[in-house]
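Report on one structure; see the data block that follows.
The values are calculated or read from the model by the stated rules, or taken from the named source; none is laboratory data. It should be emphasised that the depicted structure is a prediction, and the values quoted were computed from it without experimental measurement. Cβ: placed from backbone, ideal geometry, glycine included. Neighbour counts: every protein chain shown.
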Amino acid sequence: MLKSIALNCLLLFGFASPALCQTLSAEEIKTRIDAVIANAFQSASAQFPCKVKSGGKPKMLKWQDVGKCLNYANDRVDWQDVSHQLQAIRVNSQVQATDIMAMAESALRAHALTYDRIFVVKETETLLPLSSSLLKFLPEGSLQDLPVLDKSGKEVGKFSGTYSFEKMGDISGNRNRMVLFQYTDPKGNAHGSPEKLLLDSYGVPWKDAISQPGFRLPPDRINVR
């Protein structure tokens, strides 16, 4: 990545004028982008950890509390300002927008917060709901191989990641990105989410999830062009 940025700079200005590429080094670009993303996470996590209630049998964290906490955190970020700052870095560095976006997404992954920093949970013997809101912010690779239980408490398999699709809003007409999960059953067969809108039908043990990354700001509201 950093080598390609340096090469792009030389190609842009010409090999006869390498001094023009020294305004911002590749490491400086990466550091500035990381600072922008770090500030975004600071804004998002200003009211973390959130107190969430649990209920039902088996006990599961309230999907409404989980969704409210995570969605409000995402909305606390001034995404327009984040985009403007990244655009300024792109202009000053003469680096392609795709490279700036790739470094921003890398920084988003690096700053992901673990669940113990997001939620305050009194009872450890409870389930973390695999709701649509939770999955939207789930970092790649998190919760891998944790047991997935349904509302009756029966284990249906092991968590094996997420997948997404776009859905057109019935009223707004806007495209909404929906994130679902998949799991592997005891026979090794892969299954997708049985439902398109996930609330509290499935969960993973909170005590196993607490130390895993759980909140990564999504890049969908960043515009670097």
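Yes or no, residue by residue, for (1) out of contact with any helix residue (DSSP H, G or I) (no Cβ under 6 Å at 6 or more places or on another chain); (2) surrounded by 11 or more Cβ atoms within 10 Å (Cβ to Cβ); (3) β-branched (Val, Ile, Thr); (4) on the phi > 0 side of the Ramachandran plot:
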{"residue": "THR162", "(1), (2), (3), (4)": "no, yes, yes, no"}
{"residue": "GLN182", "(1), (2), (3), (4)": "yes, yes, no, no"}
{"residue": "HIS191", "(1), (2), (3), (4)": "yes, yes, no, no"}
{"residue": "LEU199", "(1), (2), (3), (4)": "no, yes, no, no"}
{"residue": "ASP208", "(1), (2), (3), (4)": "yes, yes, no, no"}
{"residue": "ARG216", "(1), (2), (3), (4)": "no, yes, no, no"}
{"residue": "PRO219", "(1), (2), (3), (4)": "no, yes, no, no"}
{"residue": "ASN223", "(1), (2), (3), (4)": "no, yes, no, no"}
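Identify the single condition in (1) exposed (fewer than 12 other Cβ atoms within 10 Å of the Cβ); (2) within 30 Å of LYS51 (Cα to Cα) that GLU166 does not satisfy, given that it satisfies every other one.
All conditions are met except number (2).
Which of the residues belonging to the stretch 68-95 are in contact with a helix residue (DSSP H, G or I) (Cβ under 8 Å, 6 or more places away or on another chain) and under 14 Å from VAL120 (Cα atoms)?
Passing the criteria: only LEU70.
Checking the conditions here, which among SER45, SER93 is buried (at least 17 other Cβ atoms within 10 Å of the Cβ), over 15 Å from ALA209 (Cα atoms) and modelled with pLDDT under 95? Please lay out each step first, then the result.
Details: SER45 fails: modelled with pLDDT under 95.
Step by step, each of SER45, SER93 is checked, and only SER93 is buried (at least 17 other Cβ atoms within 10 Å of the Cβ), over 15 Å from ALA209 (Cα atoms) and modelled with pLDDT under 95.
Restricting the search to the stretch 115-126, which residues are buried (at least 20 other Cβ atoms within 10 Å of the Cβ) and part of a helix (DSSP H, G or I)?
Of everything in the stretch 115-126, just one residue is buried (at least 20 other Cβ atoms within 10 Å of the Cβ) and part of a helix (DSSP H, G or I), namely TYR115.
Residues that are under 30 Å from SER83 (Cα atoms) and in contact (Cβ under 8 Å) with a residue 24 or more places away in the chain: does the stretch 149-160 have at least one?
Step one: filter the stretch 149-160 for residues under 30 Å from SER83 (Cα atoms), giving none.
The answer is no; no qualifying residue exists.
Just need a number here: residues in the stretch 2-25 that are of a type outside the set (Val, Ile, Thr), closer than 22 Å to HIS84 by Cα and either at pLDDT 90 or above or not in a helix (DSSP H, G or I) (or both).
Residues meeting the conditions: 2.
Please go through the stretch 127-151 and give me each residue that is of a type in the set (S, T, N, Q) and either assigned to a helix (DSSP H, G or I) or under 13 Å from SER201 (Cα atoms) (or both), ordered by number.
Within the stretch 127-151, SER131, SER132, SER133 meet the criteria.
Condition check ((1) over 26 Å from GLU166 (Cα atoms); (2) not assigned by TED's automatic domain parsing to the domain that holds PRO186) across all residues:
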{"site": "GLN87", "(1), (2)": "yes, yes"}
{"site": "VAL95", "(1), (2)": "yes, yes"}
{"site": "ASP99", "(1), (2)": "no, yes"}
{"site": "SER106", "(1), (2)": "no, yes"}
{"site": "ARG117", "(1), (2)": "yes, yes"}
{"site": "SER131", "(1), (2)": "no, no"}
{"site": "PHE137", "(1), (2)": "no, no"}
{"site": "GLN144", "(1), (2)": "no, no"}
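Determine whether the stretch 97-114 contains at least one residue that is at pLDDT 95 or above and assigned to a loop (DSSP other than H, G, I, E, B). Lay out the reasoning, then the answer.
If we filter the stretch 97-114 for residues that are at pLDDT 95 or above, which is where we start, we get 97-114.
Narrowing further to those that are assigned to a loop (DSSP other than H, G, I, E, B): 111-112.
Checked against the condition, which is being at pLDDT 95 or above and assigned to a loop (DSSP other than H, G, I, E, B), the stretch 97-114 yields at least one hit.
Answer yes or no as to whether SER164 is of a type in the set (Ser, Thr, Tyr) and either closer than 18 Å to ARG225 by Cβ or in the same structural domain as ARG32 (by TED's automatic domain parsing) (or both). Lay out the reasoning, then the answer.
Working: of a type in the set (Ser, Thr, Tyr): yes; either closer than 18 Å to ARG225 by Cβ or in the same structural domain as ARG32 (by TED's automatic domain parsing) (or both): no.
Spelling it out, it is not the case that SER164 is of a type in the set (Ser, Thr, Tyr) and either closer than 18 Å to ARG225 by Cβ or in the same structural domain as ARG32 (by TED's automatic domain parsing) (or both).
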